[in-house]
Amino acid sequence: MKRVYIETYGCQMNVADSEVIAGILSKEGYGFTQDLSEADVILVNTCAIRDNAEQRIYGRLGLFGAHKRQRSSAVVGVLGCMAERLRTKLVEEDRVVDLVVGPDEYRKLPLLIENAFAGEKGIATRLSRVENYEDIVPLRTDGVSAWISVMRGCDKFCTFCVVPFTRGRERSRSLQSVVNEVRDLAARGFKEVTLLGQNVNSYRDGEYDFADLMRHVAAVDRSVRVRFTTSHPQDMSDKLIETIATHENICKYIHLPVQSGSDRILKLMNRNYTVEHYLRLVERIRTAMPGVSLTTDIISGFPTETEEDHRMTMELMRQVRYDGAFTFKYSPREHTKAWEMKDDVPEDVKGERVFEISEMQRQITLELNRKLIGTVERILVEGPSKKSEVEWMGRTDTNKTVIFPRTNEVPGEYVDVLIQRCNSATLFGNRVELAGEWNASTRVEAVA
């Protein structure tokens with residue numbers, strides 16, 4: 001049996017795709033290893049969103065080349081978004097790479113790998129308007145949480161984003177196929193599913209929209225938490241907000257990328273909303289779900305961004321008070337509209353702005369976390385703490401990480417934890433017993 005080693009970089013969609021890839025290869029008789037030295041086939045599932053992600057992959061290819069020199073028959077494949085973007089360059093200029101396969105061509109992997117063993121290099125990067133892999137059973141190890149891709153591609157064409165060019169146009173799985181997958185996962189003991197898409201709010205299966213999908217998934221098993229990512233503010237409907245608010249097991253956590261607090265920059269980004277629209281949306285969400293956790297993405301140093309634009313972003317963050325923010329320096333990507341703009345913000349200025357935003361967000365997160373001291377939070381136990389085997393790590397439905405002393409709990413169990421201290425990244429507490437009706441999402445004020 002030939003053994004496959006898979007490395008995955010980038011977003012959760014890539015994690016889900018790697019499970020699809022493993023499912024396809026497993027059906028053809030391949031085994032898998034986590035030890036590179038044992039691998040007959042090395043596959044790296046890549047990200048092309050930012051340049052530093054691509055540079056990291058090139059570094060890994062150097063290591064894979066050393067493995068090939070020791071094991072000359074080994075096959076190396078580059079998969080995913082970077083494969084789609086740099087297909088010819090990877091095969092012609094990098095002698096380590098034997099095959100390059102884009103996100104919509106994974107069904108061809110078994111044939112391409114066999115051809116590569118025979119000495120034939122292969123490229124398969126055609127984008128599809130229909131491929132969604134809904135008939136493929138992803139190869140997952142049993143656990144607590146699972147990622148489920150419900151749609152692929154994106155039609156938004158934000159000027160900074162390469163996704164429409166690397167993952168193609170939007171297409172959705174059928175509602176029933178997603179529900180069936182969630183039902184199977186619940187039967188296997190999974191306690192949390194995250195529905196994935198580049199813009200899940202655009203999901204559509206005939207008359208069903210994303211709110212309908214969420215409602216059907218939540219009804220499969222009320223003890224299974226339901227999350228989703230990522231949302232586009234333009235498509236966050238009142239129907240979806242109501243659906244999240246009225247289902248106990250749909251987590252009260254929304255990742256809502258704003259990207260900038262400047263209307264001028266938002267227009268250049270082709271985001272199709274204004275700061276005023278975004279703030280009204282945040283208000284509607286918080287009215288429907290007091291205590292909801294909101295996180296966002298910020299791009300610093302987009303072409304022509306001034307200090308005033310940056311200050312507008314800082315002001316927006318002060319107003320919204322996110323629970324967390326992922327902040328990135330703008331990275332020009334070929335084929336995008338922003339590629340044609342001058343990347344005129346110096347790298348050191350981008351870095352300073354990222355640091356300033358991150359420091360402000362760290363303080364806001366700390367202040368929000370401190371407000372939870374003295375509350376009891378329902379935690380889904382995920383596993384041992386990374387820092388101590390005598391402590392458990394779990395998360396609230398609002399996606400807060402919680403550490404508490406380990407006793408007789410098991411991963412996948414819900415427990416109630418009294419929050420006693422915190423930092424900007426983590427809550428700490430001790431388990432308590434609460435009486436009353438059980439649900440997957442509980443927060444109560446501690447009894448004095």
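Since every read-out is calculated from the coordinates, none of them should be taken as a lab result. Keep in mind the model is a prediction, meaning the values are calculated, not measured. Using ideal geometry, Cβ is built from the backbone for each residue, glycine included, and neighbour counts are taken over all protein chains shown.
May I ask which of 2/386; 2/108; 2/191 have a Cα-Cα span longer than 21 Å here? The answer is 2/386; 2/191. Summing Lys and Arg as +1 and Asp and Glu as -1 over all other residues whose Cβ lies under 14 Å from the Cβ of residue 314 gives a net charge of -3. Distances longer than 41 Å among the Cα atoms of the chain: what percent of all pairs is that? Summing the P(r) tail past 41 Å for the chain gives 19 percent. Scanning residues 5 or more positions from residue 131 or on other chains, none has an amide H under 5 Å from its amide H, with H placed 1.01 Å from N in the peptide plane. Considering every alpha-carbon pair of the range 86-144, the percent of pairs per 5 Å bin, from zero through the bin containing the longest distance, is 4, 16, 22, 20, 16, 12, 8, 2, 0. Counting 0.36 nm for each residue step from residue 36 to residue 272 and taking away their Cα separation leaves a gain of 80.5 nm. Rounded to whole numbers, the Karplus 3J(HN,Hα) couplings from phi for the range 414-427 are 8, 9, 9, 10, 7, 7, 10, 7, 7, 10, 6, 10, 8, 9 Hz, using 6.51 cos²θ - 1.76 cosθ + 1.60 with θ = phi - 60°, and x at Gly and Pro. Under a Gaussian network description of the chain, with springs only between Cα atoms under 10 Å, the residue in 425, 22, 245 that fluctuates furthest is 425.
Between the beta carbons of residue 58 and residue 334, assuming R0 = 22 Å, the FRET efficiency works out to 0.90 to the nearest 0.05.
The label point for residue 26 and the one for residue 280, both projected 7 Å from the Cα toward the Cβ, are 4.8 nm apart. For the range 7-25, backbone nitrogen atoms closer than 19 Å to the point 7 Å from residue 184 Cα along Cα-to-C-beta are found at 13-25.
The Kirkwood radius of the range 262-370, taken over pairs of alpha-carbon atoms, gives through the Stokes-Einstein law at 37 °C and 0.692 mPa s a diffusion coefficient of 221 µm² s⁻¹.
With the simple spin-label model, which puts each label point 7 Å out from Cα in the Cβ direction, the residue 356 to residue 72 separation comes to 5.8 nm. Neighbour counts of C-beta atoms inside 10 Å place 81, 422 in the sequence 422, 81, starting with the fewest.
When only Cα pairs below 8 angstrom with a gap of at least 6 residues are kept, the range 74-117 shows a relative contact order of 45 percent.
Across the range 97-171, the relative contact order, built from alpha-carbon pairs under 8 Å that are at least six residues apart, equals 31 percent.
Straight-line cross-link partners of residue 342 among the lysines, defined as a Cα under 30 Å from its Cα and at least 8 positions apart when in the same chain: 89, 156, 267, 329, 350. Multiplying the residue separation of residue 373 and residue 157 by 0.36 nm and removing their Cα-Cα distance gives an extension gain of 73.5 nm. Normalised by residue count, the range 140-251 yields a Cα convex hull volume of 104 Å³ per residue. So which residue, out of 180, 249, 399, gets the largest mean-square fluctuation from a GNM of the chain using Cα contacts under 10 Å as springs? The residue with the greatest mean-square fluctuation here is 180.
Summarising the strand pairing of the chain, around 40 percent of its internal DSSP beta bridges are antiparallel. Based on DSSP H segments of at least four residues, each scored -39500 (n - 2.57), the chain has a per-residue ellipticity at 222 nm of -10500 deg cm²/dmol. Plainly put, the range 46-124 has a radius of gyration that is 0.95 times its Kirkwood radius, both from alpha-carbon atoms, as the Rg/Rh ratio.
When only Cα pairs below 8 angstrom with a gap of at least 6 residues are kept, the range 3-124 shows a relative contact order of 24 percent.
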